[in-house]
Amino acid sequence: MKTKITELFGIKYPIVEGGMAWCSGWRLAAAISKKGCLGIIGAGSMTADVLQENIQKCKDELKDIPFGVNIPLFNPIAKDLIDITVESGVKIVVTSGGNPSLFTSYLKEKGCIVAHVVASLKFALKAEAAGVDAVIAEGFEAGGHNGKDELTTMVLIPELVSRLTVPVVAAGGISSGAAWLSAMSLGAEGVQIGTLFALSEESSAHENYKNYCIGLDDTSTMLALKKVSPTRLVKNDFFKEVISMEDNGATKEQLLEFLGKGRNRKGTFEGDISNEVSIGQCVCMIDSIKSISEIIDNLVSQYESAYRNLSNFALD
Ligand SMILES: Cc1cc2nc3c(=O)[nH]c(=O)nc-3n(C[C@H](O)[C@H](O)[C@H](O)COP(=O)(O)O)c2cc1C
């Protein structure tokens with residue numbers, strides 16, 4: 001398959017790994033890149049040293065096969081993470097969660113391909129004006145942090161495709177080949193996948209987190225923390241406390257104090273699933289933890305059969 005995204009990143013399938021704090025270490029990124037997709041190291045949960053180590057391991061493992069790094073721009077050490085990424089010679093950077101005009105020109109000057117994650121047209125236009133090579137449009141089905149306006153992938157993709165000139169990658173709710181094909185039919189040039197890869201064997205998330213998540217259903221998550229940073233949370237004890245605070249009119253400062261530090265690490269990486277746990281709505285489609293090789297083979301065969309089945313819907 002040849003799309004603007006396969007051409008831009010030099011990959012076989014137009015599938016990008018969503019950078020995911022505490023899940024997307026070098027093992028997951030390397031496994032995904034080896035299957036012809038774009039593996040992304042999620043730097044959001046890393047110190048600069050840990051990122052450097054992860055980049056080196058990916059390079060050793062992948063040689064010339066492309067991979068990238070995701071840097072959430074709200075991270076207080078975003079500049080350090082960008083410096084390490086550039087100094088290490090990484091050529092693909094996905095920025096998210098912040099103003100795209102902050103680092104895009106700098107990264108472009110350094111010879112990087114830059115994509116930025118957005119959740120609305122307004123930020124997509126800002127990203128395009130900042131000079132990104134592609135926009136990753138994330139619907140509110142997605143796991144992790146999200147836009148507060150709750151735009152779905154189904155609405156966001158055709159809207160952005162009709163308004164932008166840069167290629168659009170669809171993210172949010174894609175866990176099957178049929179969903180991948182539907183995003184392409186809306187005009188996306190590729191897809192970004194998080195939840196499905198977070199629950200793979202190679203994900204660095206804790207086994208408790210993975211086992212807990214595969215038992216969840218379609219009503220197990222909700223977008224919360226809009227005053228701080230909208231996040232799709234699993235409805236566990238932590239979520240209940242957040243909602244109770246929000247219902248009682250807690251201020252941003254009070255919520256920030258409650259969140260403190262390390263809640264996400266505890267929930268995702270240390271396996272204390274009563275703490276902060278985030279995953280996408282499409283978790284309801286995942287019933288076992290598989291290897292990346294099996295997951296991507298399944299995506300490809302599901303895509304092919306969904307494509308064939310579409311002929312049943314011809315208008316004659
Ligand atoms: C556990 C988890 C952590 C995430 N962390 C980040 C992150 O650090 N940076 C980022 O840009 N996106 C993050 N995301 C969003 C993903 O990169 C991706 O866009 C999203 O998961 C796609 O939607 P899906 O979960 O429905 O596949 C995270 C998602 C999950 C599930």
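The values are calculated or read from the model by the stated rules, or taken from the named source; none is laboratory data. The structure displayed is predicted, hence computed values, not measured ones. All Cβ positions, even for glycine, are placed from backbone atoms using ideal geometry, and neighbour counts span all protein chains on display.
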Exercise. Name, by its number, the condition in (1) in contact with a Gly (Cβ under 8 Å, 6 or more places away or on another chain); (2) within 9 Å of the ligand (Cβ to nearest atom) that does not hold for Ser162.
Key: (2)
Exercise. Mind counting the residues in segment 224-279 that are part of a helix (DSSP H, G or I) and either touching a Pro at 6+ places or on another chain (Cβ under 9 Å) or without any contact (Cβ under 8 Å) to a residue 12 or more places away in the chain (or both)?
Key: 7
Exercise. Test Ala124 against the criterion of being at pLDDT 95 or above, assigned to a strand (DSSP E or B) and touching a helix residue (DSSP H, G or I) at 6+ places or on another chain (Cβ under 8 Å), and give yes or no.
Key: no
Quiz item: Does Gly177 satisfy the criteria of being at pLDDT below 95 and more than 8 Å from the ligand (Cβ to nearest atom)?
Solution: no
Quiz item: So is Asn146 within 10 Å of the ligand (Cβ to nearest atom) and either over 18 Å from the mean Cα position of the chain (by Cα) or free of Cβ contacts under 8 Å to residues at least 40 places away in the same chain (or both) or not?
Solution: no
Practice problem: Determine if segment 18-30 includes at least one residue that is more than 27 Å from Val228 (Cβ to Cβ) and among the hydroxyl-bearing types (Ser, Thr, Tyr). | Solution: no
Quiz item: Among the listed residues Ser105, Ser120, Ser176, which satisfies the condition of being surrounded by fewer than 22 Cβ atoms within 10 Å (Cβ to Cβ) and over 17 Å from the mean Cα position of the chain (by Cα)?
Solution: Ser105
Practice problem: Answer yes or no as to whether Ala205 is crowded, with 22+ Cβ neighbours inside 10 Å, in contact (Cβ under 8 Å) with a residue 24 or more places away in the chain, part of a loop (DSSP other than H, G, I, E, B) and among the small types (Gly, Ala, Ser). | Solution: yes
Quiz item: Quick one: which helices (runs of 4 or more DSSP H) sit completely within segment 1-84 and have at least 3 residues that are within 15 Å of the ligand (Cβ to nearest atom), of a type outside the set (Gly, Ala, Ser) and surrounded by fewer than 24 Cβ atoms within 10 Å (Cβ to Cβ)?
Solution: none
